[in-house]
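Worksheet: one structure, shown below.
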Amino acid sequence: MLKKITSEKFQETIYTATLKNGLRVFLMPKEGFVKTYGLFVTNYGSLDNEFIPLDRNEFVKVPAGIAHFLEHKVFEQEDNKDASTLFAQLGADANAYTSFTETAYLFSTTSHVLEATKLLLDFVQKPHFTEESVEAEVGIIEQELKMYMDRPGTALMQGGLQMMYKENTIRNDIGGTLQSIKEITYQDLLRCYQTFYHPNNMIFVLVGQFEPEEVLQTIIENQEAKSFPPFKPIKRRYYLENNQVYQAFGEKQMAVIIPRASVNLKIGYEELSPLEIIKRDFLLQMVGDIYFSRGSDFYQQLKKDGIINNSFSFTSAVHELFGFFTLSCDTLQYEEFNKRIKEKLLQIRSEKIPEEAFARMKKVQFARMIRQMNSLEFWANIIHEAGFKNLDPFAIIQTIEELKYEDLRLIQGFFVEKAIAIYQIMPQGDLT
């Protein structure tokens, strides 16, 4: 029943199977590793606020933050126990996260792999939350949101997204708002759970020290002991946008000593294949390295002029539903920072990037990827990302090697005036 996906280049093998209930399983045994890492992911994140539930024929809209709220409640077990405690009894660590596009539950362990696997499947697939516990959770998530809202870095990133996007729900915090979480009901959570936590919409990944056949048999027996309603493809509504920013400038006052500035480049939606999107993501990362890494001339000049310091950073993302490139820094010279970064971004559109710089950064990207191959978490993330996109996991890695200098034209068009938004966090009161 197990199929093999093998890469001679990387000398790695991944075993995969699709169960009768639609659950896709990916198993990657790693010789010489003591730890084993398990990941159970549903293709459901904070962007999925409008969809047709399994029990309905029309779209419904749920409050922002509900995917993250549901992540909290799934950990709840019978008799007010928490799934993390049950993992600890096995000597395993457990955690979870919610992103814009997915919710993942995970564990890492050095023993009791089969027991931890069954526990991960069981606690995610047998939630025990009640109407009373949902009401009680509001206060807990409210405190978590307030903590994040008090972090200038989080506020800077969220503000940048709100400057760029008008309707796309990426502009909403993954955790929602203080108001939206109060609107979440038990029925909302149940409807989202029943729709998005179906095995057909999920992937299970295990990487580490184990026997694939033994693990697969354990998973099959676990799944065959459960019943799930018939699955139908989930229809979701997204608000896809071009590269025109919603607002070109915004700021917020917070309890900071030094202003924080960000220059944000919005990547417009294009209907592309998954591999083409991944290619553009790698290219954008490479351009970021060429112009804004610590070894670049531009970075060194900004540092010399006192415009930036060690807090300077950049991040990029090109996804099917959104894309952005953000540069930020804590700086007293925030106006000059905004001006110079924006000018450089606009220059990239027409500037001839040296071929040797491209070749060098391509090697850097690939070397970075090779180093990450010693991480079980890296493989689990690559595998499930590929699984949701119906790609060969090794093809994603191979994309870097296959990049050509001429491919830069695919992203140089990103760097235009209308796609740039500036957002800054200012100290409360007068800087002078």
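Couple of notes before you dig in:
- Close pairs from the stretch 66-87: first basic (K, R), partner assigned to a helix (DSSP H, G or I) and at pLDDT 95 or above, Cβ under 7 Å, at least 6 apart: K73/L189
- Take the conditions (1) part of a loop (DSSP other than H, G, I, E, B); (2) closer than 30 Å to G38 by Cα; E214 misses just one of them, which is (1).
- Some residue of the stretch 238-255 being part of a helix (DSSP H, G or I) and either touching a residue at least 24 places away in the same chain (Cβ under 8 Å) or under 30 Å from Q398 (Cα atoms) (or both): no
- No other residue among E320, E270 is charged (D, E, K, R), more than 14 Å from I411 (Cβ to Cβ) and either modelled with pLDDT under 95 or outside any strand (DSSP E or B) (or both) apart from E320.
- Evaluation of V34 against (1) surrounded by fewer than 20 Cβ atoms within 10 Å (Cβ to Cβ); (2) assigned to a strand (DSSP E or B); (3) of a type in the set (V, I, T) (one fails), failing number: (2)
- When I219 is tested against (1) within 30 Å of R171 (Cα to Cα); (2) over 19 Å from the mean Cα position of the chain (by Cα); (3) touching a residue at least 24 places away in the same chain (Cβ under 8 Å), exactly one condition is not met: (1).
- Some residue of the stretch 133-150 being closer than 20 Å to T326 by Cβ, basic (K, R) and within 23 Å of the chain's Cα centre (by Cα): no
- Residues (modelled with pLDDT of 95 or more and crowded, with 20+ Cβ neighbours inside 10 Å) located in the stretch 75-95: F87, A92, A94
- Selected residue [under 18 Å from Q209 (Cα atoms) and in a strand (DSSP E or B)] from A94, A116: A94
- Residue check for L206: closer than 30 Å to K418 by Cβ, among the aliphatic types (A, V, I, L, M), crowded, with 19+ Cβ neighbours inside 10 Å and in contact with a helix residue (DSSP H, G or I) (Cβ under 9 Å, 6 or more places away or on another chain): no
- Filter result for Y197 (crowded, with 18+ Cβ neighbours inside 10 Å and either under 19 Å from F129 (Cα atoms) or outside the structural domain of W379 (by TED's automatic domain parsing) (or both)): yes
The values are calculated or read from the model by the stated rules, or taken from the named source; none is laboratory data. What you see is a predicted model, and the numbers here were worked out from it, not measured in a lab. As a convention, Cβ positions derive from the backbone with ideal geometry for all residues, glycine included, and neighbour counts pool all protein chains shown.
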